[in-house]
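Step one of this worksheet: look at the structure below.
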Amino acid sequence: MPPWGAALALLLAALTLLGLLAALLRRPGRRAVGARTLPGAQGQDHEEEVDGAGPADQFSDGREPLPGGCRLICKPSALAQCLLRALRRSTALEPGPRSWLSGPHLQTLCHFVLPVGPGSDLAREYLQLADDGLVALDWVVGPCARGRRVTNTGGLPAVLLVIPNAWGRLTRNVLGLCLLALERGYYPVIFHRRGHHGCPLVSPRLQPFGDPSDLKEAITYIRFRHPAAPLFAVSEGSGSALLLSYLGECGSSSYMTGAACISPVLCCREWFEAGLPWPYERGFLLHQKIALSRYATALEDTVDTGKLFRSRSLREFEETLFCHTKSFPISWDTYWDHNDPLRDVDEAAVPVLCICSADDPVCGPPNHFLPTELFHSNPYFFLLLSRHGGHCGFLRQEPLPAWSHEVILEYFRALTEFFRTEERMKGLSRRRVSFLGGRRRWGTLPKREVSPSSNLEEMFSWKRSYTR
């Protein structure tokens, strides 16, 4: 870890601890400016009524109780029933002994402030994009202490794409998820945006909050390397805007089997406008200023760097960086018309599990920041709401990993089994119809998968990507 990174971690810890008392005294029921009306969010009284509901109509209100005080909120479907059975069998949701990490602020601080530490072997690739920009892919190659386990019986190991938070900080939980996935037989790869986590900023262009164009090219390259492997994706916190924007824009052509979001920021514009409790606001803002300070000279031609580094809030920083540009200024409304992660959510065709906590100090209370109507109406979106966990925390006593990691991998396994069963049933149905119609076939050749490499050489310069 570089010296400035250690200093940043200590400074963030000091700022956060000094403001912890103020954050604890902050009113938990803050309302976001211009927040969306969230039908179905009735608070604690409604949850108590659900507890008394009978098992005959378990999806009558779209909320299903689970072990550990968690709830699954979704639209009734066969996939929802499969996921519900998997979560009920999960040992990760079972309540354990209460530890000193139970508080939401401690869960969040341990996640963001503490250094990552050694223990992971990363093989980095720099991918040169169509506009000559660079993004980085960190393939997690080790260590794997307890040996790898196969995730897809009879198939290739799945690729797990991990998208960190939008501030570019690689956290302990992200690496913990990658190492656990590596043990379970996945190929984890971490996507880093332009200028984030040591990725050079070779052009004066940064990636807006919800612009998935760079992610599209990175996924195309991953498919180029592993054309037949299933692809899953996990995003962390504010990085979920990038994943949800990609799923909405690509629809059924996303190449993904399933996705999960840990503590996602869904109502992003309202979240920026309402502001965070000041220790977190100042901490995230300071981290972004330090990360961009090394590129201040390169950014002078595109943005007002003086105003940028004098920003006092995340909204002011975001607005100065992407709206008040010197070449093509736009309004705050126009920016969110193109970057709202839910702008094309109806086009998403991949199951998405969102894991959120009711005591999240960064996002706020669930009846203000969670659009529950999305989970009640869209069959592809599932919300696992827990009582405790903080923001991207969900920690347990050492040496156990965060329980959210276990749940996500169990969710991916349930998805794989569900789709395999669906394909088997469709195959039986097709053979039955063929037999009854007098067109029985004794065998079918598997479809040949067209390699995407035929036209990639014309689109991207793969040979100019290099490995460190």
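Find, among the chymotrypsin sites (Phe, Trp or Tyr not before Pro) in the stretch 307-375, those assigned to loop by DSSP (not H, G, I, E, B) with at most 16 other beta-carbon atoms within 10 angstrom.
none
Enumerate the calculated ³J(HN,Hα) couplings along the stretch 193-210 in order (Karplus 6.51 cos²θ - 1.76 cosθ + 1.60, θ = phi - 60°), each rounded to whole Hz, writing x wherever the residue is Gly or Pro.
Once θ is set to phi - 60°, the couplings for the stretch 193-210 become 6, 4, x, 9, 6, x, 7, x, 9, 8, 9, x, 9, 9, 8, x, 4, x Hz.
For a Förster distance of 30 Å, can you work out the FRET efficiency between the beta-carbons of residue 290 and residue 131, rounded to the nearest 0.05?
Efficiency computed from Cβ-Cβ geometry: 0.70.
Given H placed on each backbone N at 1.01 Å, which residues far from residue 354 in sequence or on other chains put an amide H within less than 5 Å of it?
261, 382, 383, 384
Top to bottom by accessible area (1.4 Å), largest first, where do 193, 282, 310, 396 land?
Final ranking, largest accessible area leading: 310, 282, 396, 193.
Using only the alpha-carbon atoms of the stretch 268-340, report the extent along each of the three principal axes, biggest first, to the nearest angstrom.
32, 28, 15
Testing the spin-label approximation: label points 7 Å from Cα along Cα→Cβ at residue 338 and residue 224. State their distance in nm.
2.5 nm
Rg to Rh ratio, the stretch 298-384, alpha-carbon atoms and Kirkwood radius?
In the stretch 298-384, Rg relative to Rh is 1.10.
Residue 135's amide H: which non-local residues (gap 5+, or another chain) put their own amide H closer than 5 Å, with H modeled 1.01 Å from N in plane and none for Pro or chain starts?
127, 129
Provide the gained length on full extension for the span residue 197 to residue 252, in nm with one decimal, where the gain is 0.36 nm per separating residue minus the Cα-Cα distance.
Extending this stretch completely gives an extra 16.7 nm.
Quick check for me: using +1 on Lys/Arg Cβ and -1 on Asp/Glu Cβ, what's the dipole size of the stretch 268-340 about its Cα centre, in debye to the nearest 20?
Charge dipole, the stretch 268-340, about its Cα centre: 420 debye, nearest 20.
Distance between Cα centroids, the stretch 159-194 to the stretch 333-364: provide it in whole Å.
The two parts, judged by their Cα centres, are 19 Å apart.
Report, by chain and number, residues whose modeled amide H sits under 5 Å from the one on residue 187, excluding near sequence neighbours (fewer than 5 apart, same chain).
For residue 187, the qualifying residues are 158, 159, 160.
The values are calculated or read from the model by the stated rules, or taken from the named source; none is laboratory data. Source: prediction; values computed, not measured. Note: ideal-geometry Cβ built from the backbone for every residue, glycine included; neighbour counts use all protein chains shown. Heavy atoms of the whole protein, side chains included, go into the accessibility calculation; ligands, DNA and RNA do not. Shrake-Rupley method; radii C 1.70, N 1.55, O 1.52, S 1.80 Å.
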